[in-house]
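Structure record follows, encoded as structure tokens.
The values are calculated or read from the model by the stated rules, or taken from the named source; none is laboratory data. Please read all numbers here as calculations on a predicted model, not as lab measurements. A quick note on method: Cβ atoms are made from the backbone with ideal geometry, for glycine too, and the neighbour counts reach across all protein chains shown. Areas reflect the complete protein model, heavy atoms only, side chains present, ligands, DNA and RNA absent. Shrake-Rupley method; radii C 1.70, N 1.55, O 1.52, S 1.80 Å.
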Amino acid sequence: MTATPPARAERSPGLSLGRIAGIPVVLAWSWFVVTVFIVLVFGPRVTNAFPGIGLGAYAVALGYALLLAASVLIHELAHALTARSFGWPTTRIVLNLWGGHTQFASFNASPGRSLLVALAGPAANFVLAALGWGLLQTMTPGTVTYLLATILVWANLLVAVFNVLPGLPLDGGRLVESAVWKATGSQEKGTVAAGWAGRIIVILLLGLVVGLPLAQGRGPDLTVILLAVVMGAFLWMGATAAIENAKMRLRLPRISAGRLQQRAVGLPAGTTVLAARRLLREQPGAAVVLTGPSGIPEAVVDEPALRAVPEEVAGSTPVDAAARRLAAGAYVPESAEGQELVQFLARLEGNEYAVVDRRGVVTGVLHQRTVVRAITGKNAPGA
């Protein structure tokens with residue numbers, strides 16, 4: 001067994017707000033960007049509505065930003081607490097530029113539970129909107145608090161309605177995912193379908209923003225178009241990431257160390273270069289893996305280096321001089337496949353591994369770039 005390398009210190013994504021119901025809450029640095037935007041845009045509108053309020057208009061705008069953040073937090077808490085009821089561990093909640101997201105650790109899901117967790121967030125916003133509307137009935141119109149409450153009601157309604165649109169990365173995308181998942185038995189196929197639904201929503205959104213004003217005989221609002229493009233880009237990237245991730249998961253079951261390995265034969269370390277050359281002639285196309293006294297793979301013979309050894313000293317030069325050392329413990333079982341193989345390699349150092357059968361006999365060499373290409377269809381960086 002090899003020692004597990006120390007975990008790298010994860011960079012904080014923002015300002016920690018502590019824990020709510022035991023769940024860490026983080027205010028991402030990007031949240032401050034959208035807060036400044038809200039204050040600068042909403043502040044002058046408050047001034048127009050309440051002449052003479054002065055700089056207090058920007059304090060009101062800041063209050064709106066904080067209320068909106070609280071609404072997003074409740075949305076994400078609804079996700080997290082619903083997931084907890086199913087035994088899904090929640091890593092943390094992050095409030096960011098686009099609202100927020102909830103990070104979960106590994107868990108076993110089902111179509112129904114996945115849908116319930118996803119729709120819990122918009123449901124919380126609908127409840128907040130209803131409570132806000134009820135509160136408005138008790139307030140005096142024309143006051144600052146009435147303005148904030150009105151905007152908060154509409155903001156929660158818009159967030160709820162927007163999030164239930166049936167396409168990833170929106171919460172409503174889980175409706176499409178769950179339906180296809182239930183019909184096909186494959187969550188990954190459901191995710192691909194929901195990702196494409198998300199792309200269609202982006203196209204329809206941009207078409208609506210541009211086409212509706214034109215149909216009404218007026219020019220499109222450039223500010224609205226800019227916001228739609230930014231939001232559309234965010235949604236498109238999220239949908240694309242979901243599709244690519246699902247496609248990778250679909251490839252995993254077909255991936256195994258035995259199928260991806262380059263055939264190899266084992267040779268005891270200290271064997272001469274001459275003997276290694278003879279073995280390669282007898283086993284064309286095979287790699288040679290050097291093993292220690294206990295049979296554990298230690299190195300892979302470098303064929304160009306092996307050929308470079310002068311013939312007159314090949315019988316006395318150990319083949320170790322023409323080999324690449326493997327990282328400690330860099331060997332995998334031939335039977336390792338799918339997620340098990342990926343997790344196995346993630347714990348190992350280096351980018352080259354020996355492959356052994358159940359008896360511990362070397363059968364091949366596995367390269368990291370081969371695994372990456374098999375999973376993603378792309379070459380590994382630097383390969």
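Within region 161-219, how many residues are open to solvent by 30 Å² or more (accessible area, probe 1.4 Å) and among the acidic types (Asp, Glu)?
The total comes to 1.
Residues being touching a helix residue (DSSP H, G or I) at 6+ places or on another chain (Cβ under 6 Å), closer than 20 Å to LEU66 by Cβ and assigned to a loop (DSSP other than H, G, I, E, B): count how many of those fall in region 129-184.
The total comes to 1.
Within region 59-95, restricting attention to residues that are of a type in the set (Gly, Ala, Ser) and farther than 25 Å from VAL46 by Cβ, which residue is farthest from the chain's Cα centre (by Cα)? Write out each step before concluding.
If we filter region 59-95 for residues that are of a type in the set (Gly, Ala, Ser), which is where we start, we get 59, 61, 63, 65, 69-71, 78, 80, 83, 85, 87.
Within this subset, residues satisfying the condition of being farther than 25 Å from VAL46 by Cβ are 78, 80, 83, 85, 87.
On the way: ALA78: 21, ALA80: 17, ALA83: 18, SER85: 23, GLY87: 21 Å.
By that ranking, first place goes to SER85.
Sort out which residues of region 48-87 are open to solvent by 50 Å² or more (accessible area, probe 1.4 Å), assigned to a helix (DSSP H, G or I) and not basic (Lys, Arg), and write them in order of number.
ASN48, ALA49, TYR58, ALA59, LEU62, LEU66, LEU67, ILE74, LEU81, SER85, listed by residue number.
Per-residue answers, yes or no, for (1) crowded, with 21+ Cβ neighbours inside 10 Å; (2) at pLDDT below 90:
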residue: HIS101; (1), (2): no, yes
residue: SER106; (1), (2): no, yes
residue: SER110; (1), (2): no, yes
residue: VAL117; (1), (2): yes, no
residue: PRO122; (1), (2): yes, no
residue: PHE126; (1), (2): no, no
residue: ALA130; (1), (2): no, no
residue: MET139; (1), (2): no, no
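What pairs can you find where one residue is in region 62-91 and touching a residue at least 60 places away in the same chain (Cβ under 8 Å), the other is open to solvent by 60 Å² or more (accessible area, probe 1.4 Å), and their Cβ atoms are less than 6 Å apart, with a gap of 6+ or different chains?
Close Cβ pairs (under 6 Å, with a partner that is open to solvent by 60 Å² or more (accessible area, probe 1.4 Å)) amount to THR90/PHE104.
Being open to solvent by less than 80 Å² (accessible area, probe 1.4 Å) and modelled with pLDDT of 95 or more: is that true of GLY285 here? Let's see the steps before the verdict.
Working: open to solvent by less than 80 Å² (accessible area, probe 1.4 Å): yes; modelled with pLDDT of 95 or more: no.
Against the criterion (open to solvent by less than 80 Å² (accessible area, probe 1.4 Å) and modelled with pLDDT of 95 or more), GLY285 does not qualify.
Assess whether ASN156 counts as being at pLDDT 90 or above and not aliphatic (A, V, I, L, M). Walk me through how you get there before you give the answer.
Details: at pLDDT 90 or above: yes; not aliphatic (A, V, I, L, M): yes.
Yes: the conditions hold for ASN156.
Mind telling me which of the residues ALA328, ALA308 ends up being over 30 Å from ASN245 (Cβ atoms), touching a residue at least 24 places away in the same chain (Cβ under 8 Å), open to solvent by 30 Å² or more (accessible area, probe 1.4 Å) and not hydroxyl-bearing (Ser, Thr, Tyr)? Before the answer, list the steps.
Values: ALA308 fails: touching a residue at least 24 places away in the same chain (Cβ under 8 Å).
Matching residue, one of ALA328, ALA308: ALA328.
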